[in-house]
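Taking it in order: structure first as structure tokens, then the write-up.
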Amino acid sequence: MSETILITGAAGQLGQRIIHHLLETETVPAANIIAATRDTAKLGDLAAKGVATRRADFDDAASLEAAFKGVDRLLIISTDALAVPGQRLKQHKAAVDAAAKAGVKHIAYTSMPSPDKSLVTFAPDHLGTENAIKATGIPYTIIRNAWYMENYLHGMPHNLHSGTWYTATGEGKISNISREDCARAIAASLASNTSQSATYTLTGTESLDADKIAAVLADAVGKPLKVVSVTDEQLGQGMRGAGLPDFVADMLVSADANIRAGNFDLVTADYEKLTGGKPEMLKDFFVAHKTALIA
Ligand SMILES: NC(=O)c1ccc[n+]([C@@H]2O[C@H](COP(=O)([O-])OP(=O)(O)OC[C@H]3O[C@@H](n4cnc5c(N)ncnc54)[C@H](OP(=O)(O)O)[C@@H]3O)[C@@H](O)[C@H]2O)c1
């Protein structure tokens, strides 16, 4: 019998692409997929394809009880609620509790690399959620997504414009993966019907330091980029000066510190294990997004 798979956060960028790959790449019948979101009005396109839509808001426990009814396999997409400390973990725990109450048979979750030793401000949310899932005794698939390549589309256009990239990553290396590849691999894991518990870390095939990333970027877009090393304090001051909210500046500084500490220097074969293919290379991602990068 075919399983019913529910994806939370279905209106988000990752959720949209996971459902796309479930339907188109894994050819899961639309009738076996439930797309859950805070606002089902945003899911008209999926409903038109025969995907059921349900309202699920992690801040509203009653919505989760109804949403998770009859679900075999649940994917909890981590939320973007980072502004209020503790809120995201509370949200995720509410989703895990509701899954256990609803009798969900398998829980999947989008986490981050090495949340147990990560210096990133939001790492405790991911570690706490992973532990809450494990504590239910329900078989699980934890998918730890590396730092998206898409994150470079936020700061790099400005850096390329000025010709300078201020970074506190020192000589630390990072392996990035595109959001699209995360979606592809997560869809493959959801469609696998596995009843085993497993933890995957989705990374690219190479781990690069800031000098190398800058060189790859400069070559891809045809513009020079100089790397300037700064301290955490200088980086934070610069970001606040540019108008970033404190929690965003703190998060970005902590990400640089995490790279510097070597905690993002991790290359796995998990993408290939799940999909049978290779993830996109950073240079190809930069070439594909050249217009946005030099805008
Ligand atoms: N690895 C990385 O570099 C990286 C980068 C950015 C984000 N992330 C994480 O990955 C997640 C998905 O990424 P994305 O690119 O798809 O981000 P996004 O487009 O900003 O999506 C945010 C997601 O949070 C969900 N959400 C927010 N509040 C919620 C609530 N109260 N209850 C249930 N869901 C809620 C949204 O669901 P609906 O709108 O459908 O309700 C949506 O799926 C993010 O939320 C974040 O945790 C990772």
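Calculate how steeply helix 232-241 sits against the longest principal axis of the alpha-carbon atoms of the chain, using the helix alpha-carbon long axis, and give the answer as 0 to 90 degrees to the nearest 10. Roughly 80 degrees between the two axes.
For the chain, relative contact order (Cα pairs under 8 Å, six or more residues apart, normalised by length) works out to 19 percent. Taking every C-alpha pair closer than 8 Å and separated by at least 6 residues, the mean separation divided by the residue count of the stretch 166-295 gives a relative contact order of 45 percent. Taking the longest Cα principal axis of the chain as reference, the axis of helix 152-162 is set at about 20 degrees. Working note: Cα atoms of the chain, range along each principal axis, descending, whole Å: 56, 36, 35.
Only the Cβ atoms of Lys and Arg (+1) and of Asp and Glu (-1) were treated as charged; on that basis the dipole of the chain about its Cα centre amounts to roughly 440 debye. Other residues lying with their Cβ under 15 Å from the Cβ of T27 contribute a combined charge of -1, Lys and Arg counting +1, Asp and Glu -1. Dividing the summed helix terms, -39500 (n - 2.57) for each DSSP H run of n ≥ 4, by the number of residues in the chain produces a 222 nm estimate of -13000 deg cm²/dmol to the nearest 500. Across all C-alpha atoms in the stretch 29-94, the radius of gyration and Dmax reach 12.8, 39 Å.
Read-outs: derived from the displayed coordinates by stated rules, not from any lab. All of these numbers come straight from a predicted model, not from anything done at the bench. Neighbour counts run over all protein chains shown; Cβ positions are idealised from the backbone, glycine included.
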